[in-house]
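A.B. asks: Pasting a structure below so you can have a look.
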Amino acid sequence: MRDFRLYAITGENFHPGRGLVEVMEQAILGGADILQYRDKTGGREDRLRKAKELRELTRKYGIPFIVNDDIELALEVDADGIHLGQGDLPLEEARRMVGNKIIGISTHAIEEALLAQEQGADYIGAGPVYATQTKTDAVAPVGLDYIREVSKRIDIPFVAIGGIKLGNVDEVIEAGASRVCAISEIVGSEDPAGACRAFIDRLERKGRA
Ligand code: 3NM
C-alpha cells in the first residue's frame, strides 16, 4: 500500500453543528493522507450516504479511504480498504472477501501484531498509547513501550493511536512511530486543518532530526 503519515478517523460526536465532509476535508487540506470512516451509531441508510460522500471526497484528493468494521459497506462504496479490531472477522476470512484491498488490524500486544503481520495485514494500529475517551471499549493504555517494541519487531507499516495529542506526539515519534492517528485532537479541533498541519510539522521535524 502507499505509505502515509497522518491517519484521520471520523468522530462526529466531536463536531456537533459542523458537517462530516466539511470537517474531514479540512483535515485532508491540513495534511491527513489516509481517512477512515468509523461510526458505531448510524442506521444503514445513514451510514451508506456518509460512506459514499467520504468516498467521493477521498477520490477528489487521491487519498486512501478505509471503512471501519463493516466489510459489506466497504465493498458497496468501493473503499480502498477495511479496518478490523481484534473481535471482528478473522483476517483470513476478511482477505477472501476483499481481495487485494487494504486490511488494517488494531493491535494492543506484540503477539497480536506478529499474528496480524503473519496473516497478511497491510498495516496495524498500535495502541491505545494513552488513555482515550473516544473508544469506549478500549483496553488499558499500552504506553510508549509498545510503540518501541512494535518499531523494533514489526516490518509492516504501523500507526500509533489512542490519546495522541499535539502535546504528547513528540514522545510517540521519539519512541519510533513515523505514522500517527488521532480522532479527538483533529476532528474536535476548532481548526482541523491547523491541527493536521501541526502534526505533520512534528512528524517532519522528527524525521529530519
Ligand atoms: N482505536 P483519540 S484507540 C479508534 O487502541 C481507536 O485500537 C484505538 O481516539 C486502539 O485520538 C482509538 O480521540 C480512539 O484518542 C482514538
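A.B. asks: Could you identify the single residue in 2, 59, 18, 55 that is in contact with a strand residue (DSSP E or B) (Cβ under 9 Å, 6 or more places away or on another chain) and part of a loop (DSSP other than H, G, I, E, B)?
C.D. replies: 2
A.B. asks: Give the residue that is surrounded by the fewest Cβ atoms within 10 Å (Cβ to Cβ), with candidates limited to residues of segment 174-200 that are in contact (Cβ under 8 Å) with a residue 40 or more places away in the chain, aliphatic (A, V, I, L, M) and within 17 Å of residue 147 (Cβ to Cβ).
C.D. replies: 180
A.B. asks: If you don't mind, another one. Residue check: is residue 79 touching a Lys or Arg at 6+ places or on another chain (Cβ under 7 Å), among the small types (Gly, Ala, Ser), buried (at least 16 other Cβ atoms within 10 Å of the Cβ) and at negative phi?
C.D. replies: Yes, satisfied.
A.B. asks: Scan segment 32-43 and tell me whether some residue there is basic (Lys, Arg), farther than 14 Å from residue 183 by Cβ and exposed (fewer than 14 other Cβ atoms within 10 Å of the Cβ). Give the steps one after another, and end with the answer.
C.D. replies: We begin by selecting, within segment 32-43, every residue basic (Lys, Arg); these are 38, 40.
Now narrow it down to the ones that are farther than 14 Å from residue 183 by Cβ: none.
No: zero hits.
A.B. asks: Here is a further query. Taking the conditions exactly as written (within 12 Å of the ligand (Cβ to nearest atom), polar (S, T, N, Q), under 22 Å from residue 35 (Cα atoms) and modelled with pLDDT of 95 or more), does residue 68 satisfy them or not?
C.D. replies: Judged against the criteria, residue 68 is a match.
A.B. asks: Restricting to segment 155-169, name every residue that is farther than 11 Å from residue 129 by Cα, out of contact with any strand residue (DSSP E or B) (no Cβ under 9 Å at 6 or more places or on another chain) and within 16 Å of the ligand (Cβ to nearest atom).
C.D. replies: Hit for segment 155-169 is 167, nothing else.
A.B. asks: Scanning segment 123-154 for residues that are more than 12 Å from the ligand (Cβ to nearest atom) and surrounded by fewer than 17 Cβ atoms within 10 Å (Cβ to Cβ), which turns out farthest from residue 2 (Cα to Cα)?
C.D. replies: 145
A.B. asks: Looking only at residues in segment 155-173 that are of a type outside the set (A, V, I, L, M, F, W, C) and farther than 15 Å from residue 200 by Cα, which one is surrounded by the fewest Cβ atoms within 10 Å (Cβ to Cβ)?
C.D. replies: 155
The values are calculated or read from the model by the stated rules, or taken from the named source; none is laboratory data. Bear in mind the structure is a predicted one, so any value in this text is a computation, not a measurement. So basically every Cβ, Gly included, is an ideal-geometry build from the backbone, and we count neighbours across all protein chains shown.
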